[in-house]
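Structure record follows, encoded as structure tokens.
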Amino acid sequence: MGPPPDTPIPATTPEILLHYTYVDKIVQGLLFSAFALLVWDHALTFHREVEYVWKGRWTVIKILFLFTRYATLVVVGGNAWSQWQALYIRGTEFADLTFFVLQFSLAPFGV
């Protein structure tokens, strides 16, 4: 819940805007780093996953493992993709459509 409608907007100084820009760049860097590490982890462990998980029988634990493993990749990848679009093609119809699809396709998962 936000502030009441009659609350005045606080003054924004160039220093505050610079601070928020700096923090935003740090967050974007962390997001891209997390996605790169996640992809690297998937690449390193995929052969073991095929050997030990995919060749086994289907159980609830197997389904939960695969769901969490690949849902995480989709969510972090989608966030990185939307951040990349915000950096390079913000305001285009393609970026707006992708953001809309991401937000509403991941909403049932609580993301």
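The values are calculated or read from the model by the stated rules, or taken from the named source; none is laboratory data. Small disclaimer: the values here were computed from a predicted structure and weren't measured. Glycine also receives a Cβ, built like all others from the backbone with ideal geometry; neighbour counts cover every protein chain displayed. The protein model used for the area step is the full one, side chains on, heavy atoms only, and it has no ligands, DNA or RNA in it. Shrake-Rupley method; radii C 1.70, N 1.55, O 1.52, S 1.80 Å.
Restricting attention to region 56-69, which residues are among the charged types (D, E, K, R) and either in contact with a Lys or Arg (Cβ under 8 Å, 6 or more places away or on another chain) or closer than 17 Å to His42 by Cα (or both)?
Within region 56-69, Lys62, Arg69 qualify.
Here is a yes/no grid of residues against (1) among the charged types (D, E, K, R); (2) open to solvent by less than 100 Å² (accessible area, probe 1.4 Å):
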position: Lys25; (1), (2): yes, no
position: Gly29; (1), (2): no, yes
position: Ala34; (1), (2): no, yes
position: Leu37; (1), (2): no, no
position: Ala43; (1), (2): no, yes
position: Glu49; (1), (2): yes, yes
position: Val53; (1), (2): no, yes
position: Thr59; (1), (2): no, yes
